[in-house]
Amino acid sequence: MRMLFILAAVLLVHTGCAQHAASASATSGNPYYSHTDTTTLHVTDAEWKKILPSDLYATAREANTEIAFTGKYWKTDVKGTYYCAVCGNTLFRSTAKFASTCGWPSFFESIRPNAVIYREDTSYGMDREEVLCGRCGSHLGHRFDDGPPPTHKRFCMNSISLDFVEDSTAK
Ligand SMILES: [Zn+2]
């Protein structure tokens with residue numbers, strides 16, 4: 001019973017964080033944010049810490065994973081484009097998103113090969129492929145080999161690391 005209370009408290013805290021992040025403008029006070037500039041960024045964690053909301057910083061720069069089924073995009077199915085929440089880099093199209101039961105937004109491919117970069121991640125005793133933003137190097141999530149055709153890859157992303165713009169509202 002006590003564990004249930006603790007779990008409920010943790011879930012509440014995380015839900016609160018997600019709502020806070022959604023209400024904050026990603027571009028306000030972030031001079032690096034751009035949907036068109038593809039120049040590779042070399043920004044220190046110390047500087048990102050001053051710019052980013054603390055919950056986005058924890059995931060993007062410290063590889064913190066949000067709790068499943070709590071992120072803002074895990075069940076989003078409208079047409080649009082997903083950008084890096086840290087730098088605005090174009091990452092995924094909604095056409096590559098699929099309904100995954102894992103509780104995180106999942107894609108079978110990135111919008112272009114160099115939109116993201118990969119790094120071996122052996123943390124927590126697992127051998128996983130970490131996915132990072134190709135422009136700013138921020139942690140986005142992991143890539144697994146159990147996705148649907150045509151790639152059979154599953155890009156398992158943190159919602160907080162993504163900014164979604166619906167097609168009809170895209171400028
Ligand atoms: Zn980025």
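Near SER138, the amide H atoms lying under 5 Å from its own belong to CYS133; only residues 5 or more places off or on other chains count, and H is placed 1.01 Å from N.
For ILE111, nonlocal amide neighbours, meaning residues 5 or more places apart or on other chains whose placed amide H falls under 5 Å from its own, are PHE92, ARG93.
For the stretch 55-153, the set of chymotrypsin sites (Phe, Trp or Tyr not before Pro) satisfying both a DSSP loop assignment and a count of at most 10 other C-beta atoms within 10 Å is empty.
Taking GluC sites (Glu not before Pro) across the stretch 37-111, the ones in a DSSP loop with at most 11 further Cβ atoms lying within 10 angstrom of their Cβ are GLU62.
The 3J(HN,Hα) values that the Karplus relation (6.51, -1.76, 1.60; θ = phi - 60°) gives for the stretch 124-131 are, in residue order, 6, x, 10, 10, 10, 9, 6, 10 Hz. Gly and Pro appear as x.
In this structure the amide hydrogen of ASP163, modeled in the peptide plane, comes within under 5 Å of the amide hydrogens of TYR83, CYS84, ALA85, none closer than 5 places in sequence on its chain. Whole-Hz Karplus values for the stretch 32-40 come out as 8, 6, 7, 8, 10, 7, 9, 4, 5 Hz, taken residue by residue from phi with 6.51 cos²θ - 1.76 cosθ + 1.60 and θ = phi - 60°; glycine and proline positions read x.
The average projected area of the stretch 72-171, computed from the convex hull of its Cα atoms over all directions, is 6.3 nm². 3J(HN,Hα) couplings calculated from phi for the stretch 135-152 with the Karplus curve 6.51 cos²θ - 1.76 cosθ + 1.60 (θ = phi - 60°) are, in sequence order, 9, 10, x, 6, 5, 10, x, 9, 10, 10, 9, 10, x, x, x, x, 9, 6 Hz; Gly and Pro show x.
Coordinate-derived values only; no laboratory data. Remember, predicted model here, so these are calculated numbers, not experimental data. Here Cβ is always computed from backbone atoms with ideal geometry, including for glycine, and neighbour counts include all displayed protein chains.
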